[in-house]
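The values are calculated or read from the model by the stated rules, or taken from the named source; none is laboratory data. Computed from a predicted model, the values in this text were never measured in an experiment. Heads up, the Cβs are rebuilt from the backbone with ideal geometry, glycines too, and the neighbour counts pull from every protein chain shown.
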Amino acid sequence: MIQRIQSVFLLLVTALLTANIFIPVGSFLDSNGALYPFSPLNVNLPSAGLNYTPWGQLSLLVLAALVSFATIFLFKNRKLQIRMGIFNMLIMAGYYIVFLLFMLLTKGRTQASFQISFGLCLPLIAMILNFLAIRAIRKDEDKVRAADRIR
């Protein structure tokens, strides 16, 4: 049953979240006019002495990608598949909360401003695709229940 439309949606969610790990989600612009990219793999802001990996964001992206990929193979248990999809939506919402906290704390430590990049939109697109997958799974569940009532 991997050829179902929800499986395609979930596979796209996995691809978007995996790509978001490597794509910069924004850039810090320090007072000298230098632009420093910020991705979930690395933050490098020499003026503030920051050069590390934001593990909270990285772990949430990896977890969400793994959950969406594992959800594809739960097609025999549609109720669990729906629950995993909802859990994945919560993880992606948590990613945005952690990102916002990290950005505000970093801006508080430095005089750098932050510019948002396209990479920040990828988890939002993944959330929309995940919602569409949940909706398609619910339609399948309704069809199965309707067929069981006819028997």
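Before moving on, here are some points about what is shown:
- Selection count, region 9-22, where residues are out of contact with any Pro (no Cβ under 9 Å at 6 or more places or on another chain) and buried (at least 16 other Cβ atoms within 10 Å of the Cβ): 8
- Restricted to region 42-73, and to residues there that are of a type outside the set (S, T, N, Q), modelled with pLDDT under 90 and not in a helix (DSSP H, G or I), the residue that is nearest to ASN130 (Cα to Cα) is PRO54.
- Cross-chain or 6+ apart pairs with Cβ under 7 Å, region 36-49 first and over 20 Å from LEU61 (Cβ atoms), then among the basic types (Lys, Arg) and part of a helix (DSSP H, G or I): ALA48/ARG109
To keep it simple, each residue is scored yes or no on (1) acidic (Asp, Glu); (2) touching a residue at least 40 places away in the same chain (Cβ under 8 Å); (3) touching a helix residue (DSSP H, G or I) at 6+ places or on another chain (Cβ under 7 Å).
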{"site": "SER59", "(1), (2), (3)": "no, no, no"}
{"site": "ALA65", "(1), (2), (3)": "no, yes, yes"}
{"site": "ARG78", "(1), (2), (3)": "no, yes, yes"}
{"site": "MET84", "(1), (2), (3)": "no, no, yes"}
{"site": "PHE102", "(1), (2), (3)": "no, yes, yes"}
{"site": "ILE125", "(1), (2), (3)": "no, yes, yes"}
{"site": "ALA136", "(1), (2), (3)": "no, yes, yes"}
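- Scanning region 78-131 for residues that are loosely packed, with under 14 Cβ neighbours inside 10 Å and outside any helix (DSSP H, G or I) yields GLN111, SER113, GLN115, ILE116.
- Residue match in region 133-145 (condition: crowded, with 18+ Cβ neighbours inside 10 Å, within 13 Å of the chain's Cα centre (by Cα) and outside any loop (DSSP other than H, G, I, E, B)): no
- Only one of the numbered conditions (1) surrounded by 16 or more Cβ atoms within 10 Å (Cβ to Cβ); (2) touching a Phe, Trp or Tyr at 6+ places or on another chain (Cβ under 7 Å) is violated by ASN44, and that is (1).
- Selection of region 22-41 for residues being closer than 13 Å to PHE99 by Cα and either assigned to a loop (DSSP other than H, G, I, E, B) or of a type in the set (D, E, K, R) (or both) yields PRO24, VAL25, PRO40, LEU41.
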